[in-house]
Structure formats: C-alpha cells, structure tokens
Amino acid sequence: MHIFGYILFLPIVIYLVFNVLYLFLVAVAGRLGKADDVAASTPPKKIRRIAVLIPAYKEDKVIIDSVEANLLLDYPNASYDLFVIADSFLPETLLTLATYPIRVITVEWEQSTVQKSVLFALQQLPPDTYDIVMVSDADNHMSPDFLKRINLAFDKGWEVVQGHRVAKNTNTGVAIFDAMNEEVNNHLFRGGQRALGLSASLIGSGMAFVPEAMLHGMSRLQTIGGYDKELEMNLLMDGFHIAYLKEAYIYDEKVQNLAVFERQRSRWIAAQIHFIKFYFKSGVGQLLKGNLHAFNGYLKGLIMPRTLLLAVLGLGFLIGLVFLSIPILATFGSLLGVLAFTLVISIPGYLWQKISAKDFLTLFQLIFRMVRSLLNIGQASKSFLPTPHGETETKV
C-alpha cells in the first residue's frame, strides 16, 4: 500500500479498533460482574409513591392493553399512579381511558416529541407528592414485581435506576434480531458498565428517577429524538450515578418489519450525531474534572451502531480479499472476529434458540436497511419519526 494510503487508512483503523476493543472489554466485564438488584423478597424500608409517565403518540392500538397490564402490579395500588400523556389520540380512545383508575394528560404539539410530553407531564405533577418518577413506553408491560424492585433500589440510596427492558414479542425475523440487539445493549451498556464500576446507560423506558433530578435533566434537552442519551449525560454531569436492575423486567414490543426498523434507526443515528457534536466540549471537560461517569457517557456516544460496524468491517475484509492485501485482511479479519465473539457472548441463550436458518437472510436485509437509514438522518434530525406499535404485517 502506498504511504498516503496508510496515512488515510490509519485514523479509520484506530477508530474501528476503539469501537471493537471497547465493546469487547464491557462484554467480558458483563460476564464477570453483577447488577444492582436487591432480592424481591427483601422487606422494604419505605413504600414510596411512584408516578409512572407513559408518553404516547397515536398509540390507540396498544395503550388500553398496556394500561390494563400495568394496573395489575404487585405494588400497593394507592402508592403508584399511571399518567398516560395522550398526544393525538382518537376521541373514542380517550373515552375508554377515562374509565380506568389512571390520570390522562392530553397534549397537542405543532411538532410532537417524547421529551416535550414527558417534560410537560413532569411540570403538571403536584409538588411533594411522588418520591419516584418512572417512564414507560405506551406498549410496555411492567413485570408484576417491577415497581417493588425499583423501590428496593431506592432503599439502597440510588436516585436514578434503569430496569431490564426485554422483548415482548419475537414473532418475526426482524423482531428476533431486534430482541437480540436489545439484550446486547443490556449486556454491554448496562451490565458491563456496572461491572466496571461505571454508570449504566438509560434506554428511554423502564427508567426511574427522583423527581428533582429528572426535571432538571429534562429541562436542558436540545434534541428532537432519542432523548435518553442526552438526559443520561445531563444527570451524569450533575453528579448522579445510574444503577441497573437486571431482574426488574419491563416488556417492550420489538420492531416487526424492515420499514419500521429503517425509520427507527434513522432517528437513533440522527440523535447520536447531535449528541456527539453538542456534548463534545462537555465530555472533554468532564474528563478534566475527573468525572469518569460523564466522560464515559460521552465515550459511549462515539460507538458506531453495531450493525453498521459489522457492515464496515465486512466490507473492509472483502476489499482485502479483492486486492489480496494482507494488512487489510489481517486488520479487518481480526476485528470482525473479535466483534463476532463479543456479540455471541452478549446474547442470551434463549434468543439463539429462536433463530432459524432463513432468519440469517433477514440479518443481511437489516444490515442493508441500516446502511440505507443513513440517507434519512437529515429528515430525522428535523422532525419526529415515531415508531408505530401494534403493527403485525411484514412490510418491505
């Protein structure tokens, strides 16, 4: 390879090595460490009052089912309230919701976003009423002991807690791989982080806060989509650390078709790019201040989405084969092998059992859709692209 080729090649390789080694380190740590769970049978020191905020944009298909499921928790009924933040709901849905023992907050925005709805609801909560504020998606079903486990974590002194979000459905190939992606995120960015003594990542639902911390963090958000990374960074800069409860399950509907997958990933990548640019100075500043939790929060934002990382490493390996370049083959082949090992040890066994041979064709389609989603990040950064729930047909 010509000397100028090596000069161009080196920064790319350094970035890719950083990605793969970071993921490998936290994957191994996640296998060795423990989360912050307290046994559900432990007597609580205090029964805290919990406000469960459920932001919902045009979620008429799934909201009733979720409300019914989340009213059946093993937590005193008088100690938790469900707040459905209903944005652009049908009148008949609102009438049905009014028959349940919940609070409904109706909102209507010129440009709808989750963070607007959550912040508005936070500001409507009566002062000094709730000890914990939790966020759940419109399609989420909390496990019966979810709030009990959250309450026990607050007994230990935690003020920000992330639960274990898992797939509610694995009915299509896309849903299976999306469920795998969810569990890889849990292993790497929650379990692995805590094993290293760092704060867990927030994920947008199944997360609980002391009200003051959440309100302060939410009031400083700048992004349109993917607000969880920014909220996490604000909290870490404020000095809060984030626990991860591996045994506190909240069930989330996974993407079931390729079109929704592509739109969702466009939104996530747009939010990630915004985060990297907006928090660069803050991230470096937090390192200089010795706040490793906040610096690591920024560092995680630099990690390439794993599907894209697979695509880049696979392409690099193919280029090495075409040009019979030993340095390129060795570099990309070794990185691809380490990444594959990282992903294998991060995926729980029950999901491997759900994959059939034909599902691997879906994997290649997902990689293609992930690459194509880059074309839509401009639109995603300027407008809200919601993920529809209750969609069972396979769209292409």
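Of note:
- Helical content of the chain, expressed as a calculated mean residue ellipticity at 222 nm, amounts to -16000 deg cm²/dmol (DSSP H runs of 4 or more residues, -39,500 (n - 2.57) each, divided by residue number, nearest 500).
- What the Cβ-Cβ distance of residue 321 and residue 259 gives, at R0 = 30 Å and to the nearest 0.05, is a FRET efficiency of 0.40.
- Approximating the spin labels as points 7 Å out from Cα along Cα→Cβ, the residue 40-to-residue 90 distance works out to 3.4 nm.
- DSSP bridge pairs, the stretch 50-275: antiparallel proportion in percent, nearest 5: 25 percent
- Whole-number percent relative contact order across the stretch 35-163, with pairs defined as alpha carbons under 8 Å at least 6 apart: 43 percent
- Rounded tilt (10° steps) of 258-278 against the dominant C-alpha axis of the chain: 90 degrees
- Checking the Cα-Cα distances for 58/300; 229/289; 254/277; 148/229 against a 23 Å cut-off, the pairs over it are 58/300; 254/277; 148/229.
- Relative contact order computed over the stretch 50-275 (Cα-Cα under 8 Å; 6+ residues apart), in percent: 25 percent
- Here mean projected area of the Cα convex hull in nm² was calculated from the structure, and among (1) 19.2; (2) 22.1; (3) 20.6 it sits at label (3).
- Among 96-108, 146-158, 352-364, the peptide with the highest mean count of other Cβ atoms within 10 Å heads the list, and the full ranking is 146-158, 96-108, 352-364.
- Most to least packed among 58-67, 314-323, 243-252 [average Cβ atoms within 10 Å]: 243-252, 58-67, 314-323
- Estimated at 0.36 nm per residue, the fully extended path between residue 361 and residue 18 surpasses their Cα-Cα distance by 120.6 nm.
- Estimated from the Cβ-Cβ distance and a Förster radius of 30 angstrom, the FRET efficiency linking residue 277 and residue 212 is about 0.60.
- Under 5 Å, built H, 5+ apart or other chain: amide partners of residue 142: 251
- The length gained on full extension between residue 8 and residue 25, counted as 0.36 nm times the residue separation minus their Cα-Cα distance, comes to 3.4 nm.
- Angle between the chain longest axis and helix 3-32 axis [Cα atoms, degrees, rounded to 10]: 40 degrees
- A crude spin-label estimate for the pair residue 77 and residue 345, with each label 7 Å from Cα along the Cβ direction, gives 4.9 nm.
- Ranked by how many other beta carbons lie within 10 Å on average, peptides 172-182, 201-211 from highest: 201-211, 172-182
- Between 0 and 90°, nearest 10: helix 114-124 axis offset from the chain longest Cα axis: 30 degrees
- Extension gain, residue 284 to residue 109: 0.36 nm times the residue separation minus the Cα-Cα distance gives 59.5 nm.
- For the chain: relative contact order, % (alpha-carbon pairs under 8 angstrom, 6 or more apart): 22 percent
- Separation of the residue 222 and residue 131 label points, Cα + 7 Å toward Cβ, nm: 3.7 nm
FYI, it's all coordinate maths here, none of it is from the lab. Not measured: the values here are computed from a predicted model. Cβ sites come from the backbone with ideal geometry, for glycine too, and all protein chains shown count toward neighbours.
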